Every structure is written in structure tokens, then in C-alpha cells.
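What follows is calculated from the coordinates using simple rules that are stated; it is not laboratory data. Predicted model, so just to flag it, every value in this text is computed and none were measured. With ideal geometry, Cβ positions are generated from the backbone for all residues, glycine too; neighbour counts draw on all protein chains shown.
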Amino acid sequence: MSEHWHEHLPEHSHQQPSLECSTKHSDPAIFSETHDLAFMEKVTSDKILQALTLWVGEIRDWTNDNAYLVGHIKVFVEGQENLWLSSTGRSINIKHSQGWSEWSIDRVTLCVTAIVFGMSKKTLGEVAQESLQACLNGIN
Amino acid sequence: MNVLLFGGFLGSGKTSIILQVARYLVEGFSTRQLDSDKPSLVIIENEVGEAGIDDKILKAEGLSVRELFAGCICCTLNAELTVCLNEIREELSPQWVIIETTGMAFPHKIAETITKFGKGIDSLKTIVVADAERWDDLSMIMPGLLEEQIVKANIILLNKIDCLEPEQISDVEESIRRINSNALFYAISAHDEVDPQIWRMAVTYSE
Ligand SMILES: Nc1nc2c(ncn2[C@@H]2O[C@H](COP(=O)(O)OP(=O)(O)OP(=O)(O)O)[C@@H](O)[C@H]2O)c(=O)[nH]1
Ligand SMILES: [Mg+2]
């Protein structure tokens, strides 16, 4: 093994994100949240799909534009039907349960995770949070 | 208990593959526990991020899943995992246990711990998924992590070959082989139905 891999030593630091993973270990920034969403009126599953696809795309593009590396961006919508979105930096893959397309929704649980290398947790958190809010606001 | 330990970088396709392997195992091997309400397969999920997503994807398919939360995603959560495995054995004694490690973990280190401290384990295989679509990029940016994940795998699944041309697939295979020439190697696309023969070989393989 030519590189040094950290063994959980006390000086092990998670505070210095860097893309130089070939020479030293670097943890990615992680944004991961669960939201219970309730809508005033029922919305179509397609609107939810569009809003969340927009979010995944925005985080992906922002990451790529800033020369950061996408680890994995993923979304799961949990309710009577389910939706799974995922991107590792290029396409956005969409999978859903059988009845998803015909479903209209007043409440769902939304889980989102973005794992990105080369930036601080704080920066990712701010960008991801703001973008998510804007995308969800577009639903109603 | 037969343990399949899945590793491989973030987003390489571990969960997508586990969905197929789980279906194969539950349909093909579950005769022993047919009359019992105990599952013949239990999946242990260790994922990056507090909002667990993979466990929900697997549960939505009717699979039995236990979550493990990692304090530090790059460090092997050895103690918790061993406790979890031993609990599963005592409570459910399933025929199969699949473990999905985080995309930053070193599966062989986890395998060492399981071998040392796990009880009642009949077989343990380390299956590492490599991402064909991102192989070139990732092996430039973090070669050490990829190598360390792959070097001691029993089985290597080069996934997402639908994204590459045949010549590119051979090139990636060659560079993986340079890291680990002993492992069983399969090039697959988990977006399609994978040939069940590959799952059969992978789960019954012994060195
Ligand atoms: N093109 C293509 N995409 C795939 C294939 N297999 C999986 N994917 C996509 O790759 C992405 C990641 O897949 P997952 O199965 O979530 O990967 P993972 O390794 O479990 O990810 P983490 O658990 O977050 O590390 C998803 O968007 C999948 O749809 C494949 O064979 N071809
Ligand atoms: Mg996964």
C-alpha cells in the first residue's frame, strides 16, 4: 500500500475537506435530512417528482461547476407509494413504485442525502437547504 | 449463517445489486424457513447520512433490514456490527445475512472483525462493486481508496457497463485485475436483470 490510510487516531481530522484523496484521507461533506411534508391541497406525484428532480440536478450542477466531486445525491419519498431519485454526477436515475404516477398526495415523508467531496459541511448545508426550500416552494 | 459483505465506492450500485441478489436468495434458497415467520435473509445497512434511504428502499421491497449508524463513516464500525450480527443470529438465525457497508469503508477490515468475533458464521464472502461509469475519474481522484476496497475482495462486480463501450470495459477490467487478480470477476449492469448464474456463482463460491 503506497498511501497512508488513517487508522482512527486522535489527530484524525474531519475538518479539512480536500480533493487530494490520493495522498491523504478526506471525508466528504454530508447533507442528510428527513422532512414530513404536508400540503394544503393534494398535489400530483408528478409535481413532487419534478421538484425533487430539480433539486438533485441543482446540487449536481453546482457541485460539478465548482470542481467538487459528487459522492452520491439521493432522495426517497415514502408514503403510500415510493419514489427514489439518485445521481452520482451525471444522469439522474428515477425509480418508483407501481402506483406512483396515479398518486395524489397531501402528506409524505421526504429523505434527502447529498454527499459531496471538496467543500465544508456548512457550505453544502447552506446551498442544499436553500435549494431544497426553493424547489419545494414551487410545488404549492 | 452465510454472510455476504458488500463494499464499493459511493453510488457504485451496491443497493441496486443487493435488491437483485436478495430476490435471488429469497426465491431460491428459502426452503428451510418456509413455515416459520422468521426471514431467511436479513440485511444490515450502514449508510452515509442520518436520513437512511437505502434501508427504506430495501424495506419497500418487503425485505428484512437492520440499520447501523456509523459515527465516522470511514472507520469500520466493528463493535456495533459484531453485536448486531450476533443478535440476528440469536433472534432469527437466518440462512443469509447481507451487509451493505458505506461507500467509504474498507470491506476487508470489516471482514477481519467478523471472522474474529462473529459467532455461528458458516461462510463469509466479500463482494466489492466497482463503478464502470466513474472508474477513470475516481481512480484519478482517489486511487488509494479504490485499491484498498478492491484488493482483498473475493468477488468483484464491475457495475454500470451499460455506460461504456466494450473496449473501455476491457481496459477497466485490466486495471482492476492489476489490483486484485484472485477475485472472481463479473461485468454487469444492475439496471438490467442480471443472469442468475452470476448470483449463483457469487453466493456459492468458495476459495
Ligand atoms: N447506468 C447505470 N446506473 C446504475 C446501475 N446500477 C446502479 N445504477 C445507478 O447508480 C446510482 C447508485 O446506485 P445505488 O445502488 O444506490 O449505489 P450504492 O453503491 O448503494 O450507493 P451508496 O449506498 O450511496 O454508496 C443509482 O442512480 C442507480 O440507479 C447500472 O448498472 N447502470
Ligand atoms: Mg446503497
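Provide Rg and Dmax in Å for the protein assembly as shown, with only Cα atoms included in the calculation.
Values for the protein assembly as shown (Cα only, Rg and Dmax): 19.9, 59 Å.
Whose amide H sits under 5 Å from the amide H of B:ILE99, counting only residues 5 or more places off or on another chain, with H placed in the peptide plane?
Here the answer is B:LEU4, B:LEU5, B:PHE6, B:ILE44, since their amide H atoms fall under 5 Å of that of B:ILE99.
Taking chymotrypsin sites (Phe, Trp or Tyr not before Pro) as exposed when DSSP calls them loop (any state but H, G, I, E, B) and at most 16 other Cβ atoms lie within 10 Å, what is the longest stretch of chain B free of them, the sites themselves excluded?
B:70-204
How large is the convex hull of the C-alpha atoms of the range B:149-207 per residue, in Å³?
Per-residue hull volume (Cα only) is 83 Å³.
Given points 7 Å out from each Cα along the Cα-Cβ axis, report the A:ARG107 to B:ASP195 separation in nanometres with one decimal.
That separation, rounded to one decimal, is 4.9 nm.
In whole percent, what relative contact order does chain B give with Cα contacts below 8 Å and a gap of six or more residues?
Normalised by residue count, the contact order of chain B is 28 percent.
Give me A:HIS35, A:HIS96 ranked fewest to most by other Cβ atoms within 10 Å of their Cβ, as a rough exposure proxy.
A:HIS35, A:HIS96
Evaluate the charge dipole of the protein assembly as shown about its Cα centre and quote only its size in Debye, nearest 20, assuming +1 on the Cβ of each Lys and Arg and -1 on the Cβ of each Asp and Glu.
540
Going from the alpha-carbon gyration tensor of the range A:28-137, what semi-axes, largest first and in whole Å, does one get by taking the root of 5 times each eigenvalue?
Semi-axes, largest first: 25, 14, 11 Å.
Using a Cα distance threshold of under 13 Å, what count of lysine pairs results for the range B:2-204 when pairs must be 8 or more residues apart or interchain?
Lysine pairs satisfying the spacing and distance rule in the range B:2-204 number 4.
Can you put A:LYS95, B:LYS116 in order, fewest other beta carbons within 10 Å first?
Ordered by Cβ neighbours within 10 Å, fewest first: B:LYS116, A:LYS95.
Using Cα springs under 10 Å in a Gaussian network model of chain B, which residue among B:LYS59, B:LYS14, B:LYS160 shows the largest mean-square fluctuation?
Highest fluctuation of the listed residues: B:LYS59.
Sorted from largest down, give the three principal axis spans of the alpha carbons of the range B:2-204, whole angstrom values.
Result, largest extent first: 49, 35, 33 Å.
For a footprinting-style exposure proxy, rank B:THR126, A:THR88, A:THR109, B:THR204 by other Cβ within 10 Å, fewest first.
B:THR204, A:THR109, B:THR126, A:THR88
Assuming a ≥ b ≥ c are the square roots of the Cα gyration tensor eigenvalues, decide whether the range A:28-86 counts as rounded (a/c under 1.5), prolate (otherwise, with a/b larger than b/c) or oblate.
The shape class here is prolate.
Under unit Cβ charges (Lys, Arg +1; Asp, Glu -1), what dipole magnitude, rounded to 20 debye, does the range A:28-137 have relative to its Cα centre?
So the magnitude is around 320 debye.
Using the crude model of +1 on Lys and Arg Cβ and -1 on Asp and Glu Cβ, and no other charge, please compute the dipole size for the range B:2-204 relative to its Cα centre, in debye to 20.
Roughly 760 debye, rounded to the nearest 20.
Tell me, what is the FRET efficiency for A:ALA38 and B:MET140 to the nearest 0.05, using R0 = 51 angstrom and their Cβ-Cβ distance as r?
Computed FRET efficiency for A:ALA38 and B:MET140: 0.65.
For the range B:103-202, which GluC sites (Glu not before Pro) pass both filters: DSSP loop (anything but H, G, I, E, B) and at most 12 other C-beta atoms within 10 Å?
Taking the range B:103-202 and a limit of 12 other Cβ atoms within 10 Å, the loop GluC sites (Glu not before Pro) found are B:GLU193.
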